[in-house]
1. Could you list, in sequence order, all residues of the range B:10-35 that are modelled with pLDDT of 95 or more, within 15 Å of DNA strand C (Cβ to nearest atom) and not in a loop (DSSP other than H, G, I, E, B)?
2. Within the range B:1-41, how many residues are among the charged types (D, E, K, R), near DNA strand D (Cβ under 9 Å from one of its atoms) and within 14 Å of chain A (Cβ to nearest Cβ)?
3. Please go through the range B:59-68 and give me each residue that is away from DNA strand D (no atom under 12 Å from the Cβ) and open to solvent by 40 Å² or more (accessible area, probe 1.4 Å), ordered by number.
4. Note down all Cβ pairs under 6 Å where the first residue falls in the range B:17-29 and is under 15 Å from B:Gly62 (Cβ atoms), the second is modelled with pLDDT of 95 or more and near DNA strand C (Cβ under 8 Å from one of its atoms), and they're at least six residues apart or on different chains.
5. Criterion first (open to solvent by 50 Å² or more (accessible area, probe 1.4 Å), within 16 Å of DNA strand C (Cβ to nearest atom) and within 13 Å of chain B (Cβ to nearest Cβ)) does A:Asn44 satisfy it?
6. Residues of the range A:3-26 being surrounded by 16 or more Cβ atoms within 10 Å (Cβ to Cβ) and under 15 Å from the mean Cα position of the chain (by Cα), which ones?
7. Could you grab the pairs with beta carbons closer than 9 Å, sequence gap of 6+ or different chains, first residue in the range B:39-64 and touching a residue at least 12 places away in the same chain (Cβ under 8 Å), second one among the β-branched types (Val, Ile, Thr) and more than 11 Å from DNA strand D (Cβ to nearest atom)?
8. Among the residues of the range A:85-105, what is the count of those that are surrounded by fewer than 17 Cβ atoms within 10 Å (Cβ to Cβ) and within 10 Å of another protein chain (Cβ to nearest Cβ)?
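The values are calculated or read from the model by the stated rules, or taken from the named source; none is laboratory data. Keep in mind that this is a model prediction, so the values were computed, not measured. Note that each Cβ is placed from the backbone with ideal geometry, even for glycine, and that neighbours are counted across all protein chains shown. Surface areas here come from the heavy atoms of the whole protein model, side chains and all, with no ligands, DNA or RNA. Shrake-Rupley method; radii C 1.70, N 1.55, O 1.52, S 1.80 Å.
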2 protein chains.
Amino acid sequence: MRTSEELLSNCGLRKTTFRKKLLKLFQDSETTLTVEDIKKKIGNNNDKVTIYRALSTFEKSGLIHQVPDKNKLSRYALCNSKCKPSNQAYQHAHFICDYCDNTFCIEELEFPKIKKIKGFEFKKLELIIQGSCPNC
Amino acid sequence: MRTSEELLSNCGLRKTTFRKKLLKLFQDSETTLTVEDIKKKIGNNNDKVTIYRALSTFEKSGLIHQVPDKNKLSRYALCNSKCKPSNQAYQHAHFICDYCDNTFCIEELEFPKIKKIKGFEFKKLELIIQGSCPNC
DNA sequence: CTAACTAACGCAACTGAGTTGCAAATATAA
DNA sequence: TTATATTTGCAACTCAGTTGCGTTAGTTAG
């Protein structure tokens, strides 16, 4: 895996102390993260505005992507090779746990073929599964 | 189709002027509705608190269900026979238009079979499709 | 039909996630 | 090392959704 510094360089982003710390947090994290998660893990020294702006920058650069959240909060996960637009179809599967409210990216899932419906043009598919996760 | 008054009675809900109007709005509406949509269509005479509380009551009674919204707003649609929990698997498909931000319930879609993943228990499946709708 | 009771409504004030503007700090390029 | 551009952090704001409470209206019993 690339270091956080390499990733930032590749995207033409400045390697600030905060960005390196934030990106590393995503790399080290097992789960997806909300802004609240980030605040807790990174310490409350950094302003929430900085967090929001860094997340937005990372998303535009394709480093992270937004995932659904049970409580409609902003929640993000690190992108992997499958996330790239070049990988033809945007197809994601996410699992939301009813008990811990966490969202998990599901990688190991062969995505179903969906029949087209006339009038609608499909550009992105997302499967959201709800239930209980291994921890709950 | 049942009248709004019948539906309210069946659910043991009081038939107030506002609730009848709101439920009828859903019945007459082609699309799913946000609180903002409701305000516009029903006239601004009613307080938003009333709208939120009625929506919450309708949802608990199984008259309407929440659907995903592009901007993370509260958005609802009338339930049909397929929404009932009795109908074994909670499987919904929704289409979000990138241009008009509207959400459509997709009925005519045979839902794919999803392989289980160990550790996770699946209780509800939702397929969210994004793209452009017939109007856009 | 009326009275009594209970649930729903409407107003005001609040909450909290996310945003904007701007001055100070820091990274990068010259 | 200095100049320039970007990022950070603070304060103040926005806006969807919520809470408390007194008033109004629907329902039920007499």
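1. B:Thr17, B:Phe18, B:Arg19, B:Lys20, B:Lys21, B:Leu22, B:Leu23, B:Lys24, B:Leu25, B:Phe26, B:Val35, listed by residue number.
2. 0
3. B:Lys60, B:Ser61, listed by residue number.
4. Correct list of pairs: B:Arg19/B:Ala54.
5. So A:Asn44 fails the test.
6. Answer for the range A:3-26, where residues must be surrounded by 16 or more Cβ atoms within 10 Å (Cβ to Cβ) and under 15 Å from the mean Cα position of the chain (by Cα): A:Leu22, A:Leu23, A:Leu25, A:Phe26.
7. B:Ile51/B:Ile42; B:Leu55/B:Ile64; B:Phe58/B:Ile64; B:Leu63/B:Thr57
8. Of the residues in that region, 2 qualify.
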